[in-house]
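The values are calculated or read from the model by the stated rules, or taken from the named source; none is laboratory data. Just so it is clear, the model here is predicted, and its values are computed rather than measured. In this analysis, Cβ positions are derived from the backbone assuming ideal geometry, glycine residues included, and neighbour counts consider all displayed protein chains. Accessible surface areas use protein heavy atoms only, side chains included; no ligands, DNA or RNA. Shrake-Rupley method; radii C 1.70, N 1.55, O 1.52, S 1.80 Å.
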Amino acid sequence: MVIIDQSAGEPEHNRAAAERVMWHIYHAQSASFRSAVASLDPTQEPNPDEATKGHIIVYVEEAHNLLPRAGANDSLTTVWAKTAKEGSKLNIGLVLATQAPSSVMPEILSETDNWVLAYLNSERERRVVSDYMDFSDFAEQIGKVSEQGFVRIRTLSQAYSVPIQLDRFHIKDDAESIDAS
């Protein structure tokens, strides 16, 4: 797991540091993949599990600050677009958190298989997400229901979006744990 906290610091330095970390991850996973594929016995059926060891999930908070902007001319030159397009075969997963999906390059959004979609108060943002999956069915509701923890989840393994109410996460201290038992 890779966590990069970019809440402090100069935006340009943060962006450069995040890209360096991502390029390192991308190149390391690419080298591992190529090495595993090259070592496969050509007389046997390839085992994809051997070529894809080492799962990495990268969580990008406020993704609209790091990813290529909508309308950008990117032919897989940035690490973010390249990872979105090719990362799954290298076992790199991207979790993109943003309240402004309209600012993220559509080619990156189109490569997104798993979505957790909460309240969006902007009509523009709702129009953008309604172009993906079956979210057009929920577009009006996404702008009206602002209950904390109410989300729609769509994953690669599900055929449709599911509305879910998430419980608030909190850590119990030792006294609470003892009282509960």
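A few notes on this one:
- Some residue of the stretch 126-136 being open to solvent by less than 80 Å² (accessible area, probe 1.4 Å), at pLDDT below 80 and at negative phi: yes
- Residue list for the stretch 34-53, filter: exposed (fewer than 12 other Cβ atoms within 10 Å of the Cβ) and modelled with pLDDT of 70 or more: SER35, ALA38, SER39, THR43
- Among the residues listed as ALA17, ALA31, the single one being modelled with pLDDT of 80 or more and either closer than 23 Å to THR98 by Cα or touching a Cys at 6+ places or on another chain (Cβ under 7 Å) (or both): ALA17
- Condition check for ARG152: assigned to a helix (DSSP H, G or I), surrounded by 12 or more Cβ atoms within 10 Å (Cβ to Cβ) and out of contact with any helix residue (DSSP H, G or I) (no Cβ under 6 Å at 6 or more places or on another chain): no
- The set of residues from the stretch 96-109 being within 15 Å of VAL58 (Cβ to Cβ) and surrounded by fewer than 19 Cβ atoms within 10 Å (Cβ to Cβ) comprises ALA97, THR98.
- Near pairs, Cβ below 6 angstrom, 6+ apart or cross-chain, from the stretch 156-171 (outside any loop (DSSP other than H, G, I, E, B)) to any residue that is surrounded by 10 or more Cβ atoms within 10 Å (Cβ to Cβ) and of a type outside the set (Asp, Glu): VAL162/ILE153; PRO163/ARG152; ILE164/VAL151; ILE164/ILE153; GLN165/GLY149; GLN165/PHE150
- Scanning the stretch 110-124 for residues that are surrounded by 13 or more Cβ atoms within 10 Å (Cβ to Cβ) and outside any loop (DSSP other than H, G, I, E, B) gives TRP115, VAL116, LEU117.
- Every residue from the stretch 125-147 that is assigned to a loop (DSSP other than H, G, I, E, B) and under 26 Å from SER88 (Cβ atoms): ASP131, TYR132, MET133, ASP134, PHE138
- Candidates GLY87, GLY93: the one that is open to solvent by less than 50 Å² (accessible area, probe 1.4 Å), part of a strand (DSSP E or B) and either under 27 Å from PHE33 (Cβ atoms) or basic (Lys, Arg) (or both) is GLY93.
- Among the criteria (1) over 15 Å from GLU111 (Cβ atoms); (2) at pLDDT below 75; (3) open to solvent by 50 Å² or more (accessible area, probe 1.4 Å), the one ASN65 does not fulfil is (2).
- Cross-chain or 6+ apart pairs with Cβ under 8 Å, the stretch 8-33 first and hydroxyl-bearing (Ser, Thr, Tyr), then in a helix (DSSP H, G or I): TYR26/VAL79; TYR26/LYS82; TYR26/THR83; TYR26/GLY87; TYR26/LEU90; SER30/LEU90; SER32/LEU90
- Filter result for the condition that a residue is touching a strand residue (DSSP E or B) at 6+ places or on another chain (Cβ under 9 Å), charged (D, E, K, R) and farther than 29 Å from MET22 by Cβ, over GLU86, GLU140, GLU147: GLU147
- Unmet requirement for THR83, which otherwise passes all of (1) over 28 Å from SER30 (Cα atoms); (2) among the hydroxyl-bearing types (Ser, Thr, Tyr); (3) within 13 Å of the chain's Cα centre (by Cα): (1)
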